[in-house]
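Take a look at the structure set out below.
The numbers here are math on the coordinates, done by the rules we state, and not lab data. Just so it is clear, the model here is predicted, and its values are computed rather than measured. Ideal geometry is used to build each Cβ from the backbone, glycine not excepted, and the neighbour counts take in all protein chains shown.
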Amino acid sequence: MKINLESQKNELQDINNQLTLLMKKKKAIQEYIKEETDRLMGIKSVGTKMEELLNDPEFIKTHGRKRYYWEIGQIVGYSQSAVQQYFSKTKKR
């Protein structure tokens, strides 16, 4: 009987250790997902900002045209080619 109790105690300790490890892994995965979500939200917001700059009615009214890619790039901190690539992928111009 004493051996059986000791065996069960060891088994419960092993299960507890495995659960602790799984909870740590779950937390790490959740943190990764949050970081990636934040990163992707940031990318989307830059794209949204570029679209707003391109179609800015006040700028169009003042200058009679949409902003050039290099102008948008200067504002958002991207190169002209990066801005062109974004708009060519989204087909917005």
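Mind checking the angle between helix 2-54 and the chain's longest principal axis? C-alpha axes, 0 to 90 degrees, to the nearest 10.
The answer is roughly 0 degrees.
Given only helices, namely DSSP H runs of n ≥ 4 each adding -39500 (n - 2.57), what is the per-residue ellipticity at 222 nm of the chain, to the nearest 500 deg cm²/dmol?
That calculation yields -29000 deg cm²/dmol at 222 nm.
Report the label-to-label distance for residue 33 and residue 13 in nanometres (one decimal), using points 7 Å from each Cα along the Cα→Cβ vector.
Taking the two extended label points, one gets 3.4 nm.
What is the extension gain from residue 6 to residue 22, computed as 0.36 nm multiplied by their sequence separation minus the C-alpha to C-alpha distance, in nm to one decimal? Don't jump to the answer; show the numbers that get you there.
Details: separation 16, 0.36 × 16 = 5.76 nm, distance 2.44 nm.
Length difference between fully extended and current span is 3.3 nm.
Could you give P(r) for region 1-50, binned at 10 Å from zero, as whole percent values over all Cα-Cα pairs?
23, 22, 17, 15, 11, 7, 4, 0
Quick one: dipole size for the chain, taken about the Cα centre, charges +1 on Lys/Arg Cβ and -1 on Asp/Glu Cβ, in debye to the nearest 20.
Details: 18 positive and 12 negative charges, 78 e Å.
Its charge dipole is roughly 380 debye.
With axes computed from alpha carbons, what is the tilt in degrees of helix 80-90 against the longest principal axis of the chain, rounded to the nearest 10 within 0 to 90?
70 degrees
For the chain, just run the numbers: alpha carbon Rg, then divide by 2.2 N^0.38 Å, N being how many residues it has.
Relative to the 2.2 N^0.38 Å estimate, the chain comes out at 2.21.
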